[in-house]
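The values are calculated or read from the model by the stated rules, or taken from the named source; none is laboratory data. Predicted model, so just to flag it, every value in this text is computed and none were measured. All Cβ positions, even for glycine, are placed from backbone atoms using ideal geometry, and neighbour counts span all protein chains on display.
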Amino acid sequence: MYRIRPDPGSWIDELDSELAGWVRGRMRRRMYQDGEVLNPAWQPIKGIYEIYQGAVKIVASSSDGRELILNVIGKGHTLNETPIIADRDILGTTAVCVGETEVGLLPSDDFRQLCLDHPTINAHLARRLAMRNVANYNQLIDSALQRLDLRLAFLIYTYAREDEAGINCLHFTQDDLANMSGVSRQSINRIIRSWEDEGLIELGYGLLKIPDFAALLEFAQNGKPAG
């Protein structure tokens, strides 16, 4: 059975309302289109991003063009705290928007000054980062031991988001899912097609729709649809 990953969300939500308002007031909001880059690899990061809409994938690339998706961060989450805290402002990964994405940017210097002026923030950050580490550790174990269909179901469950019509959608291609699962696209396609026949998902251009999220969640946990 898969463990449901804890959802650390944004540490900003744990601050008192006045301080949270100040932090978000310092953020520069911007819309990005699908495929636009937030942080290019090997260039200094600009600060901490909070995602208001869409998602951001973290990608590592090799010199011959191969890519590995390390993580996908969705609405209500933040990224870049760890490298700024560690004084590692240059990363070897690229942050790329998935679908139409709106983010707020808190510049690195503002974040560092915020931590100095309000030391209690460090406790919130430590808790959130620890939760992420536990989630990533559990996912690594599950990915090594679970069947591919269960791993795929849980990936979809983890990263799907509701669209404006309230339908759960995953804006990933089958190549993305294969990349994240460490298998071929053909292996992913066989499972996707069987789930489509069972009514667990609907295929769209560059996305998957999940009409019955409860059934997919049940499958992700127990290996069978609900009902």
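Count of region 177-227 residues, restricted to those that are part of a helix (DSSP H, G or I) and at pLDDT 85 or above, is 15.
Residues checked against (1) in contact with a helix residue (DSSP H, G or I) (Cβ under 7 Å, 6 or more places away or on another chain); (2) at pLDDT 90 or above:
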site: M1; (1), (2): yes, no
site: G9; (1), (2): no, no
site: G35; (1), (2): no, yes
site: Q53; (1), (2): no, no
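Can you give me the number of residues within region 80-96 that are assigned to a strand (DSSP E or B) and either over 13 Å from I51 (Cβ atoms) or in contact with a Gly (Cβ under 7 Å, 6 or more places away or on another chain) (or both)? Within region 80-96, residues that are assigned to a strand (DSSP E or B) and either over 13 Å from I51 (Cβ atoms) or in contact with a Gly (Cβ under 7 Å, 6 or more places away or on another chain) (or both) number 3. The residues of region 99-127 include none that are touching a helix residue (DSSP H, G or I) at 6+ places or on another chain (Cβ under 9 Å), buried (at least 18 other Cβ atoms within 10 Å of the Cβ) and modelled with pLDDT under 85. For region 14-35, filtering for residues that are surrounded by 13 or more Cβ atoms within 10 Å (Cβ to Cβ), among the charged types (D, E, K, R) and either out of contact with any His (no Cβ under 6 Å at 6 or more places or on another chain) or on the phi > 0 side of the Ramachandran plot (or both) leaves 4.
When region 128-157 is filtered for residues that are among the aliphatic types (A, V, I, L, M) and touching a helix residue (DSSP H, G or I) at 6+ places or on another chain (Cβ under 7 Å), the ones remaining, listed by number, are L129, L148, L150, L152, A153, L155, I156.
Please state which one of G99, G65, G76 is at positive phi and not in a loop (DSSP other than H, G, I, E, B). On inspection, the qualifying residue turns out to be G99.
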